[in-house]
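Taking it in order: structure first as structure tokens, then the write-up.
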Amino acid sequence: MSDTLVKLNDIRRTFRVGEISVHVLRGITLEIERGAYVALTGSSGSGKTTLMNLLGCLDRPTSGEFWLDGVEVSRMSSDARAMIRNKKIGFVFQNFNLLPRTTALEQVMMPLAYTNSGLSERDAKKRATDLLKMVGLGERMDHRPSQLSGGQQQRVAIARALINQPPVLFADEPTGNLDSRTTAEILEMFDRLNRTEGITIILVTHDPTVAGHARRNIRLRDGMIESDTIREGPPPTLPSHGDATHPSGTERQVA
Amino acid sequence: MTIKKTLGTAIRALRRNITRSALTVLGIVIGIAAVIAMMEIGKGSSGSISKTIASMGANNLLIFPGTASTGGVSFGGGSSLTLTAEDCDAIIRECSAIAAAAPLVRARPQLVYQDKNWVPTFVYGSTPAYLTVRDWSQMADGDIFTDADVRNASRVCVVGQTLVRELFGGVNPVGKEIRVKNVAFTVVGVLTAKGANAFGMDQDDILLAPWTTIKYRVSGSSTASSTTASTSTTSSANSADSTYPGATAIFPAQSSTQAADAPMPVRFANVDQVIMSATSGEQIKPAIREVTSLLRERHRLQTGEPDDFSIRDMTESANALASTTNMMTNLLLAVALISLVVGGVGIMNIMLVSVTERTREIGLRMAVGARSRDILRQFLTEATLLCLIGGLLGLALGRGAALMVQKFLRWPVESSVEAIIASIVVSAVVGIVFGFYPAWKASRLDPIEALRYE
């Protein structure tokens with residue numbers, strides 16, 4: 001479980017706004033091993049969303065190297081990156097991004113349309129059904145987003161992210177639109193996925209409760225890594241409303 | 001992404017906003033329906049217009065015998081005696097571009113009925129096919145004489161409306177007996193009114209009889225031979241053919257050896273002209289070619305020898321026919337194009353709205369692994385599908401409208417397979433052409449921007 005899944009080497013990202021160049025990421029070097037549970041934190045404007053987009057292969061760095069699962073992806077064509085996103089990455093968004101007027105089952109099966117797996121319609125349906133059961137929505141497979149609560153919508157999104165069995169799940173403020181009770185539910189689900197399925201989870205958040213669930217906390221500031229702390233010891237017990245704000249366990253400064 | 005998956009995705013996307021899809025389709029439905037209805041009605045009208053023009057003789061062809069000359073004196077067109085009724089039979093038998101053909105013998109005798117007399121403009125000897133050629137088959141009364149009458153040289157005739165008025169004083173002449181140059185004819189039928197021809201000649205001032213009767217009983221010889229001293233063939237000298245009377249074989253029949261040893265052109269009973277109709281306006285040129293080669297063969301003309309006959313067509317009226325049909329077709333095409341472009345712009349409009357509205361969806365699809373060409377294909381498929389559905393509905397609506405017009409307005413309507421195929425193809429093309437820009441726009445979206453779009 002200690003092999004490297006994500007390796008960044010001096011990643012820089014510069015945006016051009018007219019004549020001005022904005023250096024959003026200014027040399028990020030980072031390694032994340034398989035099975036990790038990482039929280040990216042930082043104040044707004046620190047570059048965490050940009051880093052997330054790069055890690056999610058939605059964007060390309062201006063310079064630097066990026067290995068994902070042993071493959072250098074920073075110089076790949078957009079089509080090749082689309083394939084990587086399809087096969088190796090699952091996305092969970094703050095605003096769920098579900099298709100309107102589409103049943104939960106269809107939502108979950110949607111990414112398979114872009115997969116050349118030769119998976120039969122029946123197998124695909126079975127896999128999607130299993131995933132929906134796993135996230136606790138076995139009874140609501142025919143429901144549309146308008147008939148689901150926020151937490152249920154996010155669980156559909158998680159099932160959708162997992163349909164292609166990706167090694168890594170990226171979550172961008174996954175609980176930003178949820179109340180504290182559903183936040184706890186979703187975080188519990190992440191914990192379980194990480195612990196029992198061995199899925200690497202990388203989430204962007206500025207909520208310390210959420211960040212506290214991660215075993216590693218990378219804090220960005222002005223496009224650089226300000227701190228990178230790994231929490232040793234057992235994963236925190238499931239928080240009962242906000243008491244996870246101060247996670248237990250010893251913290252060790254790395255890099 | 002397989003075609004099946006693309007189609008499934010497109011159908012699901014269209015179903016998700018069924019009202020908008022239906023409204024979008026409406027533009028194409030109306031466009032295609034207009035095209036189909038216009039095509040069917042237009043084709044029907046242009047068909048009936050060409051039929052009207054054709055009945056004026058636009059499809060007709062005339063064969064005249066060539067020019068005879070003796071000692072440097074030419075006797076003018078139609079003076080040689082090379083054209084026979086057998087030529088006419090052969091043309092009917094062998095030329096596929098000819099719908100009907102009839103030999104024609106002219107005369108200008110005086111007619112007497114009781115105390116009245118009259119010299120008609122046209123006294124024609126022909127076969128019943130003449131009326132088919134002239135598109136004149138409808139009889140006002142009685143019937144046309146038969147082919148048997150032609151073979152027997154029966155003294156029967158049909159008369160035109162002017163004759164009925166001038167000679168019979170408006171009384172129905174069927175069954176009456178008139179004298180044509182002292183030969184008694186029985187009137188068996190009355191022609192419908194046809195009016196003046198293009199040159200102002202009264203076409204109803206006509207007496208039509210079997211050509212054999214006119215030739216052998218009325219003129220005694222053809223008008224041509226009466227002016228041509230040099231040609232020795234008269235009806236009595238004709239040989240070897242028993243189809244028509246007056247052709248008594250006066251020489252013993254040749255054996256086949258003799259015939260092969262001494263090939264000798266045999267002259268048959270000649271006719272003054274042959275009138276034919278081509279199967280359609282476009283078939284006039286091929287018909288002339290076919291008839292020319294057939295007659296050259298029958299008249300045993302060597303290569304290089306000039307034709308001993310001439311064929312004339314009604315170029316002027318034929319051109320009028322062609323330009324009318326062309327104009328009609330072009331007019332319809334213009335209407336069709338405009339309505340389709342309007343429909344296409346509608347599709348583009350809605351697809352653009354749809355792309356904007358679904359920016360987040362596009363971003364999401366890209367994030368979960370859609371390549372830009374998948375997005376392009378999805379939106380193109382949606383547009384094309386909309387257009388095809390619209391095309392099919394429009395087809396049904398258009399045919400329905402055309403049938404209604406036929407039923408209630410009694411306009412001639414002609415269904416056209418080409419129009420149906422064309423409208424389906426065109427609606428697909430419209431979908432692709434007008435769907436391309438929105439689809440291309442969608443495929444160019446940046447997934448990060450698209451995901452953040454509000």
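The values are calculated or read from the model by the stated rules, or taken from the named source; none is laboratory data. The model shown is predicted, which means the values in this text are computed figures rather than measured ones. No Cβ is skipped: glycine too gets one built from the backbone with ideal geometry, and neighbour counts run over all protein chains shown.
A few notes on this one:
- Every residue from segment B:26-51 that is of a type in the set (Ser, Thr, Tyr) and within 18 Å of residue B:334 (Cβ to Cβ): B:45, B:46
- For segment A:93-108, the criterion of being assigned to a loop (DSSP other than H, G, I, E, B), within 16 Å of residue A:128 (Cα to Cα) and more than 7 Å from every other protein chain (Cβ to nearest Cβ) is met by at least one residue.
- Only one of the numbered conditions (1) closer than 23 Å to residue B:53 by Cα; (2) touching a helix residue (DSSP H, G or I) at 6+ places or on another chain (Cβ under 8 Å) is violated by residue B:105, and that is (1).
- Selection within segment B:154-174: residues that are in contact (Cβ under 8 Å) with a residue 24 or more places away in the chain and loosely packed, with under 15 Cβ neighbours inside 10 Å. The member of this set that is nearest to residue B:128 (Cα to Cα) is B:172.
- For residue B:175: the one exception among (1) more than 31 Å from the chain's Cα centre (by Cα); (2) part of a loop (DSSP other than H, G, I, E, B); (3) under 22 Å from residue B:219 (Cα atoms): (3)
- Among the residues of segment A:1-27, the ones that are in contact with a Lys or Arg (Cβ under 8 Å, 6 or more places away or on another chain) and assigned to a strand (DSSP E or B) come to 9 in all.
- Test result for residue A:173, farther than 19 Å from residue A:110 by Cα and over 13 Å from the mean Cα position of the chain (by Cα): no
- Some residue of segment A:82-90 being buried (at least 23 other Cβ atoms within 10 Å of the Cβ), assigned to a helix (DSSP H, G or I), at the interface with chain B (Cβ under 9 Å from one of its Cβ atoms) and among the hydrophobic types (A, V, I, L, M, F, W, C): yes
- Where strands (runs of 3 or more DSSP E) sit wholly within segment A:151-238, those with at least 1 residues that are touching a helix residue (DSSP H, G or I) at 6+ places or on another chain (Cβ under 6 Å) and within 14 Å of chain B (Cβ to nearest Cβ) occupy A:168-172, A:200-204.
- Being within 20 Å of residue B:183 (Cβ to Cβ), free of Cβ contacts under 8 Å to residues at least 60 places away in the same chain and buried (at least 17 other Cβ atoms within 10 Å of the Cβ) is not true of residue B:123.
- The listed residue being over 30 Å from residue A:90 (Cα atoms) and either basic (Lys, Arg) or not assigned by TED's automatic domain parsing to the domain that holds residue B:329 (or both), out of B:444, B:371, B:399: B:399
- Residue in segment A:132-147 that is surrounded by the fewest Cβ atoms within 10 Å (Cβ to Cβ), counting only those that are free of Cβ contacts under 8 Å to residues at least 12 places away in the same chain and assigned to a loop (DSSP other than H, G, I, E, B): A:139
- Helices (runs of 4 or more DSSP H) wholly inside segment B:264-373 containing at least 1 residues that are within 14 Å of chain A (Cβ to nearest Cβ), in contact (Cβ under 8 Å) with a residue 24 or more places away in the chain and crowded, with 17+ Cβ neighbours inside 10 Å: B:315-357, B:359-367
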